[in-house]
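Here is the structure we will look at.
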């Protein structure tokens, strides 16, 4: 007969471990998510041209795509915490060095440092998330609840992190904001080491190469659909900030673009809060497709907005839907990824998601020159089609 006190102690231990996880994840992800804002603000303060600021920002984000090629170490090493901690430490040191050198040296030097720091970015996002299954507990309910907290970590670091950077830059200066992020990453490295140790794969030789892992994702129906929908939705929601900039003047002023984008960020946080109360239930593969369709619907709702209030509500609802969708993708990655490649699966999906977001921003900026609503209408249609295709594919697979 199970010992109630032992079970209670296990639950309390997992709760404390999850709290440490959220703290560590928020620290390192804030450093990753706010880095572009800090560096762009610093470049602007130095009087550098806009294209140079963009180049510096891209130096951080573009290398994320190469993260999976260094991620195999996460699944083979005896203690994955050390890999993530070293990644966070390197990211912080390189980011701080780039910020200090930008005012006093050629731009190519800090750009190179930022590019190297960007290589470690996926370790701070998907890499950290790959540690969660061993912390959350064995039941699906405990896993889903822990994933809700993980979504909250992403929401806090992705929304409040850049906002804090902008505030610190306005009060003390962009260099101080950059150094604050670097410090957060370094402190986060120590917090990662305080997480529970995850049992390594029994045979490190069984861990596949990055290319083989991508093939595994493609051959697994649930993982393939999760990756495809993650890429499509990331590409789609990246159009919202561009649309907000174009829409704001018709609602009362260009400055309202920031309000609309903030509304989307608040929606992400609200979605995270809802997930903490009511965690997702049901098959993760099915949930991912259904919630991708929900994102498509909310993107369509953003279009016919007659005033600021309705626009702000629509952007917020879109943020809520995206948070729910993201939680479903985390569940799918956790439940369908093979144990010997779990870290690589998380990082592959995360890296391609960031690349898709960058492509979505660039595409929206290109399309919006003619008709303001065209980019959002296009990506809403793409998301809806992708969701329907995945639902049909899943139905056929389960009926066979």
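Observations on the model:
- Residue match in the range 208-227 (condition: at pLDDT below 90, assigned to a helix (DSSP H, G or I), buried (at least 24 other Cβ atoms within 10 Å of the Cβ) and in the same structural domain as residue 383 (by TED's automatic domain parsing)): no
Conditions tested, residue by residue: (1) over 25 Å from residue 146 (Cβ atoms); (2) surrounded by 20 or more Cβ atoms within 10 Å (Cβ to Cβ); (3) touching a helix residue (DSSP H, G or I) at 6+ places or on another chain (Cβ under 8 Å); (4) at pLDDT below 85.
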{"residue": "2", "(1), (2), (3), (4)": "no, no, no, yes"}
{"residue": "28", "(1), (2), (3), (4)": "no, yes, yes, no"}
{"residue": "67", "(1), (2), (3), (4)": "no, yes, yes, yes"}
{"residue": "78", "(1), (2), (3), (4)": "no, no, no, yes"}
{"residue": "83", "(1), (2), (3), (4)": "no, yes, yes, no"}
{"residue": "88", "(1), (2), (3), (4)": "no, yes, yes, no"}
{"residue": "99", "(1), (2), (3), (4)": "yes, yes, yes, no"}
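- Whether a residue is crowded, with 22+ Cβ neighbours inside 10 Å, under 16 Å from residue 187 (Cα atoms) and either over 17 Å from the mean Cα position of the chain (by Cα) or outside the structural domain of residue 36 (by TED's automatic domain parsing) (or both) was assessed, and residue 95 passes this test.
- Taking (1) part of a helix (DSSP H, G or I); (2) in contact (Cβ under 8 Å) with a residue 40 or more places away in the chain; (3) in contact with a helix residue (DSSP H, G or I) (Cβ under 6 Å, 6 or more places away or on another chain) in turn, residue 314 satisfies each apart from (2).
- Residue within the range 318-329 that is over 22 Å from residue 142 (Cα atoms), in contact with a helix residue (DSSP H, G or I) (Cβ under 6 Å, 6 or more places away or on another chain) and either assigned by TED's automatic domain parsing to the domain that holds residue 394 or not in a loop (DSSP other than H, G, I, E, B) (or both) present: yes
- Tally, over the range 75-96, of residues that are in a helix (DSSP H, G or I) and more than 20 Å from residue 20 (Cα to Cα): 8
- The residues listed here are 104, 109; of these, the one that is part of a loop (DSSP other than H, G, I, E, B) and without any contact (Cβ under 8 Å) to a residue 40 or more places away in the chain is 104.
- Matching option when the condition is without any contact (Cβ under 8 Å) to a residue 24 or more places away in the chain and farther than 18 Å from residue 351 by Cβ, among 189, 239, 248, 273: 248
- The residues in the range 238-266 that are part of a helix (DSSP H, G or I) and either more than 20 Å from residue 356 (Cβ to Cβ) or at pLDDT below 85 (or both) can be counted, and the count is 17.
The values are calculated or read from the model by the stated rules, or taken from the named source; none is laboratory data. All figures in this text were calculated on a predicted structure; none of them were measured in a lab. Glycine also receives a Cβ, built like all others from the backbone with ideal geometry; neighbour counts cover every protein chain displayed.
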